[in-house]
1. At a 1.4 Å probe radius, carbon and sulfur cover how many percent of the accessible area of chain B?
2. So what's the net charge close to A:Val69: Lys and Arg +1, Asp and Glu -1, counting the other residues with Cβ under 11 Å from its Cβ?
3. Less than 13 Å Cβ to Cβ from B:Gly260, Lys/Arg counted +1 and Asp/Glu -1: what total charge do the surrounding residues give?
4. Enumerate the amide H contacts of B:Ile224 below 5 Å, restricted to partners 5 or more residues apart or on another chain; note that Pro and chain-start residues carry no placed amide H.
5. I'd like the distance between the alpha-carbon centres of region B:124-142 and region B:201-259, rounded to an integer number of Å.
6. If you plug each phi of region B:127-140 into the Karplus form 6.51 cos²θ - 1.76 cosθ + 1.60 with θ = phi - 60°, what whole-Hz ³J(HN,Hα) values come out, in order, with x for Gly and Pro?
7. Expressed as a whole number of Å, what is the distance separating the alpha-carbon centroids of region A:191-229 and region B:49-82?
8. Any chance you could check the Cα centroid distance between region A:25-78 and region B:296-329 for me, in angstrom?
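The values are calculated or read from the model by the stated rules, or taken from the named source; none is laboratory data. None of the values given here were measured: they were computed from a predicted structure. FYI the Cβ positions are ideal-geometry reconstructions off the backbone, even for glycines, and counts take in every protein chain you see. Heads up: the accessible areas ignore ligands, DNA and RNA and are worked out on the full protein's heavy atoms, side chains in. Shrake-Rupley method; radii C 1.70, N 1.55, O 1.52, S 1.80 Å.
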Amino acid sequence: MGVEAPRIARKVKAGQFLVLRVAEGGERIPLTFSDWSAEEGWIRFIFMRVGKTTHELSHLEVGDSIADVAGPLGQPTHVGDLGRVAVVGGGVGAAVAYSVARAMAEAGDEVTVILGARTADLLVLEEELRALPIKELVVMTDDGSVGRGGLVTAPLKELCESGAIDNAFAVGPAIMMKFCAATTAEFDVPTIVSLNPIMVDGTGMCGACRVTVGGETKFGCVDGPDFDGHAVNFEELLTRQRIYTDDERVADAEYSRGCQCQV
Amino acid sequence: MPGVAENQPAEKPRHKPSRAPRTPMPEREAAERATDFDEVAIGYSQDDAIAEAMRCLQCRNPTCIDGCPVNIDIKSFIGHIIEGNWADGVAVLKERNALPAVCGRVCPQEEQCEAACVLAKKGEPVAIGRLERYLGDFDLACDIESRCVPELAPSSGFRVAVVGSGPAGLAAAGELARLGHAVTIFESLHAPGGVLSYGIPEFRLPKSIVNAEIEMLETAGVEIVLDSVIGQIETVEELMAPSEKGGSGYDAVFLGLGAGLPVFMGIPGENLNGVYSANEFLTRVNLMRAFDFPHADTPVWRGRKVAVVGGGNVAMDAARTAKRLGAEEVFLVYRRTEDEMPARREEVHHAREEGIEFKMLCSPSEITGREGWVTGLVATRMELGEADDSGRRSPVCVLGSEFPIECDTVIMAVGTRANPMLDRAAPDIETTRRGYILTDEEGATSVPGVFAGGDIVTGAATVILAMGAGKRSARAIDAWLREGKPGA
Ligand SMILES: Cc1cc2nc3c(=O)[nH]c(=O)nc-3n(C[C@H](O)[C@H](O)[C@H](O)COP(=O)(O)OP(=O)(O)OC[C@H]3O[C@@H](n4cnc5c(N)ncnc54)[C@H](O)[C@@H]3O)c2cc1C
Ligand code: FES
């Protein structure tokens, strides 16, 4: 989805995110930028319809406005001296993977992108990625409906084994990042992960986003979202992401009563 | 008028103070109010206000004024209440305090003006705070045209950016606008007000009051830009850079960022599900309206047994909020005793009435859990030792005194710090060891044209101190601008 937001568009760097609220009474949800144009004053992000807020977003039409968009938030991804780097993007993490891969390539890094999705329909940004000056794009789907069948960790492991990468960057579902980090750890390939903890303000004011990295508590929104994948406590992140699972079901049920679509 | 001999008091009939006891605040019953978020204290009626004002001795040398951090002319505004001149009373308040309806509700009067009241010696000071609230509410109840609005000075042509819309920022903006400057407030959240909006709950400070005060500012020409995190979308340097260089061209900047970063204790189990910072818990409920879930979209985990760690206003607010969300048991865990609690007396009293249990002289050493969720606390007993710098006796652990407390939610209200975002907003500004901004008495920072005030300078303090600092800085900014920006 694209939004006109010239002040934000002027400032975004790859790896940063925004917080938006669709309407009055809405939740503040963090989403990552996939693309933007400082000159034309727009930003773009990708989301999957999973709950009420993303459903509402998907019902907006061209010309509608969004109550609040705050950003860019978080620290930009470090690029430029990574040498040969694998960028792994799973699911909607593809959005970040795309902008990060582009920034890395522009900064002179040699980028291999591994793009993963459950199935062909959920694969996004493949064309855009192919248009980037990167070394290679490997497409993976769980069910093999397009590209290679299997998980993103398979090609990542091959790259590590053949000594073809100096660094790795992974973004996607926490469980995917966990396995990517575990894969590269075996080969001592430094790996940055872009975490997606639950957030409220996104400005360091509440601590909802806390994650444990190397035994220390960090705030995902201001200290991150990028962290050393080998030091992140993924079990904790996975547990914390489930705090509101029951509430989300309630909200979705409440919402679908008033909405024609299936949640 | 300054320099002129005082009016002859003989012109007016002499004030005969009433000897009635302090007029109680009309309040809703604890059982009723603990289930909803409506305001607890209903406010004085006109008769209550007059009866209470009549108790004032109208001292020749009033001591209460020195007890007020912003030196409101208390004797004078109470005098106006006695005479029924409400609007004049409001004008006296507004000379010093931009937000009387707010401060009348949340100031710790028992440590300030009311402690300095002559009648306090007999234990029954004039209820100055309640009278202030009465006038503040009177003003807000008027149509916007007939409210007490300060006259605006002619436009100076200067533009000032105020960062943060808490009490410090609002007071600075109001004063700067009055002095003739064009003011823009930048606020990172989607609603203005700072702690007044996201922290202090509706039952203590209705958001309609905060919104009405903010509306007044906008009427005075202050522009408020929400969703703008300074440090991320723009730095202070960029705010002040001329537009030819891609900056926003503000002539001066006021930083009222607050001390918003919640502190945790660093004990095991703090990241378990069910552990909240008070900021997160209160933000979800107040700002995001989680009490109205699922009509509002933001959820909050509603515990059955809730432990709140701390003893300040924040802890009281969190505990009373948890109760209102339906918790069966809510208790405060505080390492000193009730006497040392920094919370306003009234809040402590209300919390007790609402059935909040106080577990004093203990401190958590661990939060225990199962499958990622909180199941309880391990607390250590404390004893009071020697008095520390603040004059309070500091707590000391009693060795081997650990005991378990069962709970499913833990809310940490153990303080806040400066948000390190400041470093991204203004990397060159000098700060203290603890990350707060260093300023002179007027609020000037080490960077010319950049002023600061409120919690970001003092550390977590009070609404009135933040407001006072905002107003003081506004005057200093005015002088700095008009004197031709020394150093620029
Ligand atoms: C729950 C709670 C209860 C309290 N109860 C009382 C009470 O009863 N009585 C009392 O006197 N005091 C009370 N206090 C303390 C009082 O609220 C604070 O001292 C006061 O609000 C400080 O005002 P401030 O303007 O400095 O900061 P804040 O009110 O914290 O406002 C700062 C504002 O700046 C914004 N901001 C921060 N960084 C940026 C940025 N980089 N860019 C843009 N905007 C930014 C924040 O979002 C916020 O809106 C309480 C505090 C809390 C948390
Ligand atoms: S989301 Fe609130 S502090 Fe990070």
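1. With neighbouring chains kept in place, the figure for chain B is 51 percent.
2. Charge balance near A:Val69 sits at 0.
3. Taking every other residue near B:Gly260 into account, the sum is -3.
4. Hits under the 5 Å cutoff: B:Ile185.
5. Cα centres, region B:124-142 to region B:201-259: 28 Å.
6. 3J(HN,Hα) across region B:127-140, in whole Hz: 7, 4, x, 5, 6, 4, 4, 4, 5, x, 5, 4, 4, 5.
7. The two parts, judged by their Cα centres, are 51 Å apart.
8. If we compute the Cα centre of each part, the gap is 31 Å.
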